[in-house]
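**Student:** Okay, handing you the structure first.
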Amino acid sequence: MSRADVYCGRRLDLPLTPEGVAMAEAFAAAYHTTAWRAIYCSPLDRAQTTAAPLARALALPVELRDDLAELDYGQWDGMTADAVVRDHHVEYERWAADPAWNPPTGGETAVALAQRMTRVIEEIDIAFDDGNVLVVSHKASIRVALCALLGVDVGRFRYRFGCPVGSVSIVEFGTHGPLAATIADRSHLDARLRGLEGT
């Protein structure tokens, strides 16, 4: 879906491609020596499959949270970007200008997405005083969460943070609040996986 420029939100529960599975395995190989306290994950199959190799390697349970699912693209789910512009032109123009308050047709605003993502992050913050916690989610959801945590207008999520598939972002929580230590790193992927068009 990423390569085809198709909207794939929380209503489409599709499996990972073989390349996506390879990215998940590469992540687990690179990060299995990190001391993880917990793994939280979107309930969508593609996210669970991404979390699975690391969870198996560490024998850690995966905590599923509905609030970590991808943005609800409403009627746009399964449509190409070109088709959305053509068939939902007015709604698309409003959403492109300010997705914070203008949802995809029948979908969800970035503000609503930020609220549910931060609920999980607050839950994690309460549960763990320190250590590393893995959160496996989706492209729009991760970018919105980064905006919310780092004080960036969530309506700018599409233009402030990249989030290619299989990437890792690290936010450290310290005395001065959240700090972006790493954004959208894909150094754990080989050149072939990093070079796949549209990912």
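The values are calculated or read from the model by the stated rules, or taken from the named source; none is laboratory data. Since this is a predicted model, take the numbers as computed values, not measurements. Positions of Cβ are backbone-derived with ideal geometry, glycine not excepted, and every protein chain shown enters the neighbour counts. All accessible areas refer to the heavy atoms of the entire protein, side chains included, with ligands and DNA or RNA removed. Shrake-Rupley method; radii C 1.70, N 1.55, O 1.52, S 1.80 Å.
Residue-by-condition table, conditions (1) touching a His at 6+ places or on another chain (Cβ under 9 Å); (2) under 27 Å from residue 19 (Cβ atoms):
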| position | (1), (2) |
| --- | --- |
| 113 | no, yes |
| 131 | no, no |
| 166 | yes, yes |
| 183 | no, yes |
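**Student:** If you don't mind, another one. Looking at region 144-152, can you tell me whether even one residue there is under 12 Å from the mean Cα position of the chain (by Cα) and either surrounded by fewer than 20 Cβ atoms within 10 Å (Cβ to Cβ) or over 30 Å from residue 89 (Cα atoms) (or both)?
**Tutor:** Scanning region 144-152 turns up no residue that is under 12 Å from the mean Cα position of the chain (by Cα) and either surrounded by fewer than 20 Cβ atoms within 10 Å (Cβ to Cβ) or over 30 Å from residue 89 (Cα atoms) (or both).
**Student:** To continue, here is another question. For region 63-85, how many residues meet the condition of being within 13 Å of residue 39 (Cβ to Cβ) and touching a residue at least 60 places away in the same chain (Cβ under 8 Å)?
**Tutor:** Residues that pass the stated criteria total 1.
**Student:** Are there any pairs with C-beta distances below 8 angstrom linking a residue in region 32-51 that is under 10 Å from residue 136 (Cβ atoms) to a residue that is open to solvent by 50 Å² or more (accessible area, probe 1.4 Å) and of a type in the set (S, T, N, Q), with the two at least 6 apart or on different chains, and if so which?
**Tutor:** Here the result reads 41/48; 42/48, each pair linking region 32-51 to a residue that is open to solvent by 50 Å² or more (accessible area, probe 1.4 Å) and of a type in the set (S, T, N, Q).
**Student:** Among the residues of region 21-49, which ones are among the aliphatic types (A, V, I, L, M) and in a helix (DSSP H, G or I)?
**Tutor:** Those that are among the aliphatic types (A, V, I, L, M) and in a helix (DSSP H, G or I): 21, 22, 23, 24, 26, 28, 29, 30, 47.
**Student:** Can I ask one more? What do you reckon, is residue 172 touching a residue at least 12 places away in the same chain (Cβ under 8 Å) and either of a type outside the set (Lys, Arg) or closer than 14 Å to residue 23 by Cα (or both)?
**Tutor:** Answer is no for this residue.
**Student:** Here's another thing I want to ask about it. Here are 105, 118: which of them is open to solvent by less than 50 Å² (accessible area, probe 1.4 Å), of a type in the set (Ser, Thr, Tyr), modelled with pLDDT of 95 or more and assigned to a loop (DSSP other than H, G, I, E, B)?
**Tutor:** 105
**Student:** Tally up the residues in region 183-197 that are open to solvent by 40 Å² or more (accessible area, probe 1.4 Å) and not in a helix (DSSP H, G or I), please.
**Tutor:** Final tally of qualifying residues: 6.
**Student:** Still on this model: Looking at region 109-146, which of its residues are within 22 Å of residue 48 (Cα to Cα) and acidic (Asp, Glu)?
**Tutor:** Passing the criteria: 122, 123, 125.
**Student:** Determine whether region 164-180 contains at least one residue that is more than 26 Å from residue 24 (Cβ to Cβ) and open to solvent by less than 60 Å² (accessible area, probe 1.4 Å).
**Tutor:** Yes, region 164-180 contains at least one residue that is more than 26 Å from residue 24 (Cβ to Cβ) and open to solvent by less than 60 Å² (accessible area, probe 1.4 Å).
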